[in-house]
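Enquirer: Starting off with a structure, shown below.
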Amino acid sequence: MKQLIAIFLLAISAQVFALDGFQLQTEAQVGGVGVFLDEILSSTNAVAPHVRIAAAPRAGQTLTLSRKQVEAALVRTSDSAFTNCLGADQVRVTRRVRSLDEEALKVLLTTQFQTDFIKDRGDLELRLARVWNEVMVPDEPLTLKIIEMPANGVAPLFVCRFELVTTNETVGTWQVSLIAKVWREVWASRTALRRGALLADADLTRERRDVLMLREPLAEFDVADPGIEIAEYVGANVPLLARSLKTKPAMRRGQSAQAMVLDGVLAISMKVEVLEDGVPGQVIRIRNPQTRRELRGKVQNDQTIVVSL
């Protein structure tokens, strides 16, 4: 008897559900993964199953599904009771979209150029040289890919082509003119620096500058190091390059030094003329002032050079 009552109640609930089943919406918006039943159906007494029934339309396009197509999809679900579909005769499906404004585009461009081109050279700043007209793009994560660049790469003013893609499709291709700067903390001198001057005596400042057009490595050093000197003339307010500095030489060109000439177990000491600057461990040219013969020796300290024959 109880089984008959349960079957009767189940039949009644199915009839009630048939009277107020899933309502097919007239319009629905979906993501790029596909069209799911719970995105196009609504109900006051049930939740539509999250079942993919069709591929999503491309951004800007429309897909139309009839009620029969939707009911056929309901039959294939795990809950065979959910087969009734009321509401509209068909549903118009479009993609969820959002507006891509200039600020959002700059973020995408800056991130990609920083990763692909600028890397650790500094912090890239980009501005669009022309006004960007907002475009509608799928409302989902976008990836920007650079597809065409000038031969000399990122410049103060340059043009590039790029495309925007989602996980499943290419949204579109655009060309933009960009104004670029690369900011970095650099060392500069407030006054001109002469060759051979000690760096410790220079009037230096640390400031943030645009280094985009600098193609050589910048100088990095310990300000208090007394063993660094200027290797070349440096103008005032010019960023210091790595090649503008050098270790203060222990030997200087033109000075006299003591040379230890080693020939097997034989060692001879003599005075020589230094022909080029050198630091300890460096091999430099020297000359015997009596015979005028040139030799090469390794700098030991500020007074001694070792020559091996």
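Each reported figure results from applying straightforward, stated rules to the coordinates on display, with no laboratory input. All values derive from a computational prediction rather than experimental measurement. Neighbour counts run over all protein chains shown; Cβ positions are idealised from the backbone, glycine included.
Enquirer: With both partners inside the chain, how many of the DSSP beta bridges are antiparallel, as a percent to the nearest 5?
Expert: Antiparallel bridges make up about 85 percent of those DSSP assigns within the chain.
Enquirer: Farthest toward the dipole's positive end in segment 152-309, which of Q290, L218, Y233, given Cβ charges of +1 (Lys, Arg) and -1 (Asp, Glu) about the Cα centre?
Expert: Towards the positive end, the residue furthest out is Q290.
Enquirer: When we measure straight from the Cα of K271, which lysines land under 18 angstrom away, once same-chain ones fewer than 8 places off are left out?
Expert: Straight-line reach from K271, under 18 Å: K298.
Enquirer: Moving on. Exposure proxy check: T247, T205, T291, T166 ranked by fewest other beta carbons within 10 Å?
Expert: Ranking T247, T205, T291, T166 by Cβ neighbours within 10 Å, fewest first, gives T291, T205, T247, T166.
Enquirer: Continuing with this model, one more query. What is the Å³ per residue value for the convex hull set by the Cα atoms of segment 91-220?
Expert: Per-residue hull volume (Cα only) is 130 Å³.
Enquirer: Is there a quick way to get the dipole size of the chain? I mean about its Cα centre, with the Cβ of Lys and Arg at +1 and of Asp and Glu at -1; what is the value in debye to the nearest 20? Spell out each step's value before the answer.
Expert: On the way: 38 positive and 37 negative charges, 233 e Å.
For this selection, approximately 1120 debye.
Enquirer: Another one. From the P(r) of segment 21-61, can you give the percent of Cα pairs sitting at distances over 14 Å? Mind showing how you got there, number by number?
Expert: Numbers: 374 of 820 pairs.
Looking at segment 21-61, the distances longer than 14 Å represent 46 percent of pairs.
Enquirer: Determine the shape class of segment 256-308: with a ≥ b ≥ c the square roots of the Cα gyration tensor eigenvalues, call it rounded for a/c under 1.5, and otherwise prolate if a/b is greater than b/c, oblate otherwise.
Expert: Details: a/c = 1.67, a/b = 1.11, b/c = 1.50.
Taking the square roots of the gyration eigenvalues as a ≥ b ≥ c, segment 256-308 is oblate.
Enquirer: Which residues in segment 93-114 have a backbone N closer than 13 Å to a point placed 7 Å from the Cα of E27 along the Cα-to-Cβ line?
Expert: 93-97
Enquirer: Distance between Cα centroids, segment 218-271 to segment 151-200: provide it in whole Å.
Expert: Between the Cα centres of segment 218-271 and segment 151-200 lies a distance of 35 Å.
Enquirer: What does segment 217-284 give for Rg and for Dmax, in Å, if only its C-alpha atoms count?
Expert: Spelled out, the Cα radius of gyration and Dmax of segment 217-284 are 16.7, 55 Å.
Enquirer: Right, next: Which of the aspartates and glutamates could a cross-linker span from K246 if the Cα-Cα distance has to be under 19 Å and same-chain partners fewer than 8 positions apart are dropped?
Expert: D201, D203, E216, E220, D222, D225, E229, E232, E276, D277, D302
Enquirer: Enter the per residue convex hull volume of segment 133-183, computed from alpha-carbon coordinates, in Å³ rounded to the nearest integer.
Expert: Enclosed volume per residue, from the Cα hull, is 108 Å³.
Enquirer: Separate question: Work out how much length V51 to R92 would gain on full extension: take 0.36 nm times their residue separation and subtract the Cα-Cα distance, in nm to one decimal.
Expert: 13.0 nm
Enquirer: From the helices alone, meaning DSSP H stretches of at least four residues, give me the mean residue ellipticity at 222 nm for the chain, per-run term -39500 (n - 2.57), in deg cm²/dmol to the nearest 500.
Expert: -4000 deg cm²/dmol
Enquirer: Counting other beta carbons within 10 Å of each Cβ, put S177, S43 in order, fewest first.
Expert: S177, S43
Enquirer: Membrane-span-like helices in the chain: DSSP H runs reaching 24 Å or more (Cα, own axis), mean Kyte hydropathy at least -0.5?
Expert: Span-like helices in the chain: 2-19.
Enquirer: Another one. Lys/Arg Cβ at +1, Asp/Glu Cβ at -1, dipole of the chain taken about the Cα centre: which of V70, N152, G32 is farthest positive-ward?
Expert: Value computed over the given set: N152.
Enquirer: Using the structure shown, select from K181/K248; K119/K248; K145/K181 the pairs with a Cα to Cα distance greater than 27 angstrom.
Expert: Correct reply: K181/K248; K119/K248.
Enquirer: Counting Lys and Arg as +1 and Asp and Glu as -1, what is the net charge of the other residues whose Cβ lies under 13 Å from the Cβ of A104?
Expert: Cβ neighbours under 13 Å give a net charge of -3.
Enquirer: Please report the relative contact order for the chain, taking Cα pairs under 8 Å with a sequence separation of at least 6, and give it as a percent rounded to a whole number.
Expert: This gives 10 percent for the chain.
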